[in-house]
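> Sharing a structure below in structure tokens format, with a few things to ask.
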Amino acid sequence: MTTTTVDDLSPETAPGVVYDRYLAEGVLAYQRCADFDHVVFPPRVLCPTCGCGALQWHASAGAGAVYAVTTLHPRGGGDYNVSLVDLDEGFRMMTNVIGIDPADVRIGMRVRATIDTTADEPLPLFVRDDVTGDDR
Amino acid sequence: MRRSERELRGTAAIVGVAESNLGIVGSGVDTLDLIGQATVRALADAGLEKSDIDGLFCHSAFFNLPTVTAGEYLGIAPRYTDSTATGGSSFVGHLRHAAAAIEAGLCEVALIVYGSTQRSSSGGLISSGGSLFKSYETPFRPRMPISAYALTTSRHMHEFGTTREQLAEVAVSARRWAQLNPLAFMRGDLTVEDVLASRMVSDPLTTLDCCLVTDGGGAVIVTSAARARTLRKPPVYILGVGDAHWQMHISQAEDLTRTAAVDSGARAFDASGMSPADVDVIELYDAFTINPILFLEDLGFCAKGEGGPFVEGGRTAPGGALPVNTNGGGLSYGHPGMYGIFVVIEAVRQIRGETGARQVENVHVALAHGNGGTLSSQVTAVLGDESTL
């Protein structure tokens, strides 16, 4: 994928814009810095580890494991999950694990990303990974 | 050559503290009114005039340009101004900045002040964390701040076996202290069973694992040690303060079970020449029941992962071996949006011996710890009486 430097910053290359563009295509994207290959997420114009200003976009395979978990209990009902998921590429993100009872989402559970590209705001949600569904 | 922060040890002292009206102040009472009320009371406590104040420190979620706005209301045109905004920890951090400014000759008498009508004006949470940049958290509908603390708690339980009963003990200990404090908002009996049975909000945290939503304000006056010795009350010396923040968002924390209090505590203890064993009373920012557990670990009062068992059996409650949150804390005394100034006020009063039924015996050293954001900013202050110099 493309590499951008700080001098490339524009409405078309802004990190949040590029991230959303990938999501609309069904891709969960993250960055690596050009100098040391540090993994960067959420997207930025500089590497927060080394400070370099050249970042390359990558497509995540969308596979990961639940790092931390909570179930929200709104007063009107409709419990839902909020999790922090560690992607195998080495970054962490907040998300919702969907498709199972929120109470059944466990730390360590293997999950994979699912992106509804028809939604107004495509989001990287996660489902339990039934293929490699071993909890670790 | 880099100077050591130890040179600041004991150069400044807290000479006046006060709360505004607390709890539910009623509609029409403004946040600035509480700031004014706390200021007048703190000046009386110190035996100083408003005209003595030449340094102003403030943070607020209710108005922008905090010191500028508060300065106009109070009629203070300071020669040193500091609106450092690290959430609820700001006011503990202001102690460090005030001590440095006083030592550098930038001001001589510093007022640190806060007020909030969070309960009367909204009934809900007014947060200073609002942002106009793209969020990688809010689309997933966490309820902030509680979900950040719930995620942290889930991880602490997973790694260390911390239990909901241990969390509930934190709330019960806070309530037992509050029952000794006439100014505490919640003073009824509370049991572990009550906490476990209360409404689940963001699993594993229930309503009774959360701090209160109240109104309130506070003021703290700091001056040079030399001037402090000429004033009404025994000086409470600023022995060392440490600031630290590692991230803003909970999803960016490298290790949820370890907060920046690891650094703020180490810096405060280094600057003060003290250690946890020297501390007689501890005031921790308890926005949620997991907070004291995390901070007791990160500040070195117990090992990482042992905070749950550590708070069992009333160890931190009245009569326990280690008094924590002796005013009742944010969980039972009050929590007007940001609680940081109140850990300082209670620590000062414990050192002065002014706290009546809840007074801990022989307090010479107190630790006040502020938390800001969602376990984001951490500030630790070690305070002491004349014998600690």
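> Cα gyration tensor of segment B:1-148, axes a ≥ b ≥ c as square roots of the eigenvalues: rounded (a/c below 1.5), prolate (a/b > b/c) or oblate?
Note, shape of segment B:1-148 comes out oblate.
> Right, here's the next one. For B:Gly16, which sequence-distant residues (separation of 5 or more, or a different chain) have an amide H within less than 5 Å of its own amide H, given hydrogens modelled in the peptide plane?
For B:Gly16, the qualifying residues are B:Ile221.
> Over every pair of different alpha-carbon atoms in chain A, take the mean of 1/r and invert it; report that Kirkwood radius in Å. Before the final figure, lay out the partial values.
On the way: mean 1/r = 0.0630 Å⁻¹.
Roughly 15.9 Å, rounded to one decimal.
> Sum up the charges of everything whose Cβ sits under 15 Å from the Cβ of B:Ser387, counting Lys and Arg as +1 and Asp and Glu as -1, but leave B:Ser387 out.
Charge balance in the 15 Å sphere: -2.
> I'd like the orientation of helix B:90-103 relative to chain B: the angle between its Cα long axis and the longest Cα principal axis, in ° from 0 to 90, rounded to 10.
Taking Cα atoms only, the helix is inclined about 30 degrees.
> Which distance in Å, rounded to a whole number, links the C-alpha centroids of segment B:274-297 and segment B:199-255?
Their Cα centres are 11 Å away from one another.
> Could I ask something else about it? Measure off 7 Å from each Cα along the Cα-to-Cβ vector at B:Leu65 and B:Arg143, then give the distance between these two points in nanometres to one decimal.
With each label point 7 Å from Cα toward Cβ, the separation is 3.7 nm.
> Another question, if that's okay. Under 13 Å from the Cβ of B:Cys107, count the other residues' Cβ atoms, weight Lys and Arg +1, Asp and Glu -1, and hand me the total.
The answer is -3.
> Let me ask something else. With the Cα gyration tensor of segment B:237-315 giving a ≥ b ≥ c as the square roots of its eigenvalues, does the rule (a/c under 1.5 for rounded; else a/b larger than b/c for prolate; else oblate) give rounded, prolate or oblate?
Taking the square roots of the gyration eigenvalues as a ≥ b ≥ c, segment B:237-315 is oblate.
> Let me know the volume per residue of the alpha-carbon convex hull for the protein assembly as shown, in Å³.
165
> About the Cα centre of the protein assembly as shown, how large is the charge dipole given +1 on each Lys and Arg Cβ and -1 on each Asp and Glu Cβ? Please answer in debye to the nearest 20.
Using Cβ point charges on Lys, Arg, Asp and Glu, the protein assembly as shown gives about 1000 debye.
> Using unit Cβ charges (K, R positive; D, E negative) and no other charged atoms, how large, in debye to the nearest 20, is the dipole of segment B:263-330 about its Cα centre?
Using Cβ point charges on Lys, Arg, Asp and Glu, segment B:263-330 gives about 80 debye.
> On average, how much accessible surface per residue is there in segment B:139-293, in Å², for a 1.4 Å probe, leaving out ligands, DNA and RNA?
Solvent-accessible surface per residue comes out at 35 Å².
> I'd like the carbon and sulfur percentage of the solvent accessible area for the protein assembly as shown, probe radius 1.4 Å, heavy atoms only, ligands and nucleic acids excluded. Before the final figure, lay out each step's value.
Details: 10250 of 20280 Å².
Of all accessible area on the protein assembly as shown, carbon and sulfur atoms account for 51 percent.
> Rounded, prolate or oblate: which fits segment B:174-265 when a ≥ b ≥ c are the square roots of the eigenvalues of the alpha-carbon gyration tensor, with rounded for a/c under 1.5 and prolate only if a/b beats b/c? Present the calculation step by step, with values, prior to reporting the outcome.
Details: a/c = 2.97, a/b = 1.34, b/c = 2.23.
Taking the square roots of the gyration eigenvalues as a ≥ b ≥ c, segment B:174-265 is oblate.
> Would you please give the FRET efficiency between B:Ala77 and A:Asp130, computed as 1/(1 + (r/R0)^6) with r the Cβ-Cβ distance and R0 = 60 Å, to the nearest 0.05? All intermediate terms of the calculation are to be shown ahead of the outcome.
On the way: r = 67 Å, r/R0 = 1.12.
With R0 = 60 Å, the Cβ-Cβ based efficiency is 0.35.
> Something else about it: Put simply, what bits of segment A:52-99 lose 50 Å² or more of accessible area when the other protein chains are there, versus the chain on its own (1.4 Å probe)?
Listed in order, they are A:Tyr67, A:Thr70, A:Leu72, A:His73, A:Tyr80, A:Leu84, A:Arg92, A:Met94.
> Can you give the calculated 222 nm mean residue ellipticity of chain B, where each DSSP H run of n ≥ 4 adds -39,500 (n - 2.57) and the sum is split over every residue, rounded to the nearest 500 deg cm²/dmol?
Calculated at 222 nm, the ellipticity per residue is -9500 deg cm²/dmol.
> For chain A, take the longest principal axis of its alpha carbons; what is the angle in degrees between that and the long axis of helix A:15-24, to the nearest 10 within 0 to 90?
Result, in degrees: 50.
> How far is helix B:31-46 tilted off the main Cα axis of chain B, in degrees rounded to 10, range 0 to 90?
60
> If Lys and Arg each add +1 and Asp and Glu each add -1, what is the summed charge of the other residues whose beta carbon sits under 15 Å from the beta carbon of B:Ala271?
Overall, the nearby charge balance is -1.
The values are calculated or read from the model by the stated rules, or taken from the named source; none is laboratory data. As the structure is a prediction and not an experimental result, all values here were calculated from the model. No Cβ is skipped: glycine too gets one built from the backbone with ideal geometry, and neighbour counts run over all protein chains shown. Just the protein is used for accessible areas: all its heavy atoms, side chains included, with ligands, DNA and RNA removed. Shrake-Rupley method; radii C 1.70, N 1.55, O 1.52, S 1.80 Å.
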